[in-house]
1. If you go through region 70-89, how many residues are touching a helix residue (DSSP H, G or I) at 6+ places or on another chain (Cβ under 6 Å) and surrounded by fewer than 18 Cβ atoms within 10 Å (Cβ to Cβ)?
2. Restricting to region 52-72, what's the tally of residues that are over 18 Å from Lys27 (Cα atoms) and over 12 Å from the mean Cα position of the chain (by Cα)?
3. Among the residues that make up region 38-58, is at least one of them surrounded by 14 or more Cβ atoms within 10 Å (Cβ to Cβ), among the small types (Gly, Ala, Ser) and at pLDDT below 85?
4. Going through region 90-123 one residue at a time, which ones are exposed (fewer than 12 other Cβ atoms within 10 Å of the Cβ), at pLDDT below 75 and part of a loop (DSSP other than H, G, I, E, B)?
5. Taking region 46-73, which residues are aliphatic (A, V, I, L, M) and assigned to a loop (DSSP other than H, G, I, E, B)?
6. So, in region 44-58, how many residues would count as being hydrophobic (A, V, I, L, M, F, W, C) and closer than 17 Å to Gly157 by Cα?
7. Can you name every residue in region 141-176 that is modelled with pLDDT of 60 or more, within 13 Å of the chain's Cα centre (by Cα) and among the β-branched types (Val, Ile, Thr)?
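The values are calculated or read from the model by the stated rules, or taken from the named source; none is laboratory data. Predicted, not measured: the structure shown is a model, and the values here were computed from it. With ideal geometry, Cβ positions are generated from the backbone for all residues, glycine too; neighbour counts draw on all protein chains shown.
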Amino acid sequence: MSEYFSLSDCDVIGFDLDHTLCRYHLKETSRLIYESFARYLVEHKGYDKDLLNLTPATWDFCFKGLVVDLEDGNLVKLAEDGTVLRATHGTNDLSTEEIIKHYGPKREWKHFNSLNTSFTRSGEMFTPLSKYYFYDNYFDLPGAFLCGRVVDMLHKGSIPLNKLHILSWNGVSVRL
């Protein structure tokens with residue numbers, strides 16, 4: 001191997017999520033992805049304009065490895081054995097007591113074995129029968145946040161249930 005590496009010597013250049021060839025500006029990228037989805041929902045699907053309002057503190061909600069449980073609107077962070085470490089309903093943190101109420105005294109997430117055995121990163125594509133969606137990379141995090149915000153708005157009554165839609169971005173469908 002030569003002492004110097006030149007991109008001009010390459011036939012193909014690929015980018016992936018672990019910053020191999022470039023450093024992503026994750027804050028700006030996340031904001032762009034979120035705002036694009038939210039603007040689409042507001043302008044084309046009639047969602048509440050409050051979906052567009054963000055504060056710097058709202059971004060603390062996002063972290064890798066979230067699973068959205070589509071049966072109850074909870075976003076959960078799991079231990080490697082499937083134990084629920086923390087959870088939110090929409091963007092509102094669940095207390096330890098609430099987590100136990102939802103997942104039992106052992107805090108076991110019932111779909112863990114299907115997630116763990118197939119490790120389908122984003123499930124497969126969302127279908128009306130999907131039970132969960134796994135947000136495992138930085139580009140997915142704005143979608144997790146958007147799902148949480150939509151659940152909040154459902155509870156507030158600003159989005160009727162008949163307004164929920166399936167969005168597709170980068171080959172991944174998102175049911176909202």
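1. Number of matching residues: 1.
2. Within region 52-72, residues that are over 18 Å from Lys27 (Cα atoms) and over 12 Å from the mean Cα position of the chain (by Cα) number 2.
3. Scanning region 38-58, I find no residue that is surrounded by 14 or more Cβ atoms within 10 Å (Cβ to Cβ), among the small types (Gly, Ala, Ser) and at pLDDT below 85, so the answer is no.
4. Hit for region 90-123 is Phe119, nothing else.
5. Result: Leu54, Leu70.
6. The first filter runs over region 44-58 and keeps only residues hydrophobic (A, V, I, L, M, F, W, C), leaving 51-52, 54, 57.
Adding the requirement that they be closer than 17 Å to Gly157 by Cα leaves 51-52.
So the count comes out to 2.
7. Val150, Val151
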